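The values are calculated or read from the model by the stated rules, or taken from the named source; none is laboratory data. Model, not experiment: these values are computed from the prediction. Virtual Cβ from ideal backbone geometry, glycine too; neighbours counted across all protein chains shown.
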Amino acid sequence: MRQKWSCLALASIRITEFTSLKRYIHERRNIRKTGKMGLILTSIKRIRPKNIGCWLTDQISQPNRFRCLFLQRTAWGAFSIYSHIKRSNGKPKIAYSTKSKAENAAVDMTKKYGKPFTVYKCLFCDGWHVSQDPHGLPVQEKSTEAMALEKYAKKLTVQAMELDVEKVLSTAIPDLAPVYGGFRGRSLSSTKQLHAWNTMMEAGINQVIDLRADYTSDFYSELCRKSGISYFHYSVSYEEVEQMARLFPEFCRLIDNGRFYIACAMGLHRTDIALCTYWVFYAADKGIAPPEIRGYRRVDGHNTGKIMRILNALYKYWTTQNGKEPMPITVFRERKEIINELSKN
Ligand SMILES: [Zn+2]
């Protein structure tokens, strides 16, 4: 008896398979015979009207909806039966029960095939399908920087009221150290340090001071702009001493505001120079203490030659520019001597 039933069940499966295959062949023939019109008619007959609302809501929520629906009209492909079945064998495409499951699959396929994939609500079944994205950027063209911007650049909904020093220190960025109400350390723009970006913002850093003279990418300033953080490029370079002099008042103002993150690439040498210019030509007069020297240290085999070279260039530039020294030469020498002493620590 049991055997008989199982035979029957097997037979019924065969019949179902057979009828759907038969139907497919029949439909293919129809489509071929009647061309585009046949395809449309076959498709319309099989659409489940209850899915149209969900499909439309999803299309309208897309960022490139206008292009998909009206300019290139690729979105309307969903009304073709081939959005649900494969052209090659007529079998239904893999369907995912929810949009997020389909999106996860699309991400995996994008990684696997190196081409952009997207998801859409199927009008013919209750699921979601994945297909190649005609509007997506080729994956190879999406640079690491573009991906980093997508991942890290976000504006905070709640701004910190003051700098949370412990939180900044918890990021353990190399050569991180508090200075003048802000922080110095290795540049956050490197992929190795980006993991700390969101924590820095949450901790209350609201100003980036970038000291690299040879940095030409827009990435760091873009990251700041998109995150609602101010970006100030103050190139520290002997060749650009005129520009340093011009930007100096603004640079000092930003240091006085605190809550900045100042860095060259490593956050050591140009950072020492920048902070020394701030102290020698501005902060020392206000009774503010000199900065700790962290890059040009004697123990690390360095001397303060490069700091002095820029301090001297600025002193000379302002003297010529204003017709008088920014401070008496004796005072200037004393301050330089203090920096030399600090570099020995
Ligand atoms: Zn489907």
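Got a number for residues in segment 56-100 being within 11 Å of the ligand (Cβ to nearest atom) and either under 14 Å from Val119 (Cα atoms) or part of a helix (DSSP H, G or I) (or both)? Qualifying residue count for the region: 9. Among the residues examined, Arg335 does not qualify as surrounded by 12 or more Cβ atoms within 10 Å (Cβ to Cβ) and under 40 Å from the mean Cα position of the chain (by Cα).
Within segment 159-200, which residues are assigned to a helix (DSSP H, G or I) and without any contact (Cβ under 8 Å) to a residue 60 or more places away in the chain? Talk me through it step by step, then tell me what you get.
Our first condition is that a residue be assigned to a helix (DSSP H, G or I); within segment 159-200, this holds for 165-169, 194-200.
Of everything in segment 159-200, those that are assigned to a helix (DSSP H, G or I) and without any contact (Cβ under 8 Å) to a residue 60 or more places away in the chain turn out to be Val165, Glu166, Lys167, Val168, Leu169, Leu194, His195, Ala196, Trp197, Asn198, Thr199.
Taking the conditions exactly as written (farther than 30 Å from Ile47 by Cβ, in contact with a Lys or Arg (Cβ under 9 Å, 6 or more places away or on another chain) and at pLDDT 85 or above), does Pro92 satisfy them or not?
On the way: farther than 30 Å from Ile47 by Cβ: no; in contact with a Lys or Arg (Cβ under 9 Å, 6 or more places away or on another chain): yes; at pLDDT 85 or above: yes.
Against the criterion (farther than 30 Å from Ile47 by Cβ, in contact with a Lys or Arg (Cβ under 9 Å, 6 or more places away or on another chain) and at pLDDT 85 or above), Pro92 does not qualify.
Could you tell me whether Arg294 is surrounded by 13 or more Cβ atoms within 10 Å (Cβ to Cβ), in the same structural domain as Arg246 (by TED's automatic domain parsing) and part of a loop (DSSP other than H, G, I, E, B)? The answer is yes for Arg294.
Residue-by-condition table, conditions (1) polar (S, T, N, Q); (2) closer than 21 Å to Glu250 by Cα; (3) modelled with pLDDT under 95:
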site: Thr271; (1), (2), (3): yes, yes, no
site: Gly287; (1), (2), (3): no, yes, no
site: His302; (1), (2), (3): no, no, yes
site: Ile307; (1), (2), (3): no, yes, no
site: Pro328; (1), (2), (3): no, no, no
site: Phe332; (1), (2), (3): no, no, no
site: Lys336; (1), (2), (3): no, no, no
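Applying the set (1) surrounded by 18 or more Cβ atoms within 10 Å (Cβ to Cβ); (2) under 29 Å from Met37 (Cβ atoms); (3) of a type outside the set (Ser, Thr, Tyr) to Gln59 leaves exactly one unmet item: (1). Scanning segment 297-320 for residues that are part of a helix (DSSP H, G or I) and in contact with a helix residue (DSSP H, G or I) (Cβ under 7 Å, 6 or more places away or on another chain) yields Arg298, Lys306, Ile307, Met308, Arg309, Ile310, Leu311, Ala313, Leu314, Tyr315, Tyr317, Trp318.
If you scan segment 101-122, which residues turn out to be over 28 Å from the mean Cα position of the chain (by Cα) and either within 21 Å of Leu71 (Cβ to Cβ) or β-branched (Val, Ile, Thr) (or both)? Residue satisfying the conditions is Lys121 alone. Considering Ile47, Ile85, Ile52, Ile81, which residue is in contact with a Pro (Cβ under 9 Å, 6 or more places away or on another chain), at pLDDT 75 or above and within 17 Å of Asp126 (Cα to Cα)? After ruling out the rest, the residue left standing is Ile85. For the structure I just gave you, tell me whether Gln132 is at pLDDT below 95 and either over 20 Å from the mean Cα position of the chain (by Cα) or within 16 Å of the ligand (Cβ to nearest atom) (or both). Yes; evaluated as a whole, the condition is true for this residue. Residues being in contact with a Phe, Trp or Tyr (Cβ under 8 Å, 6 or more places away or on another chain), surrounded by fewer than 18 Cβ atoms within 10 Å (Cβ to Cβ) and under 25 Å from Gly38 (Cβ atoms) are represented in segment 84-91 by at least one member.
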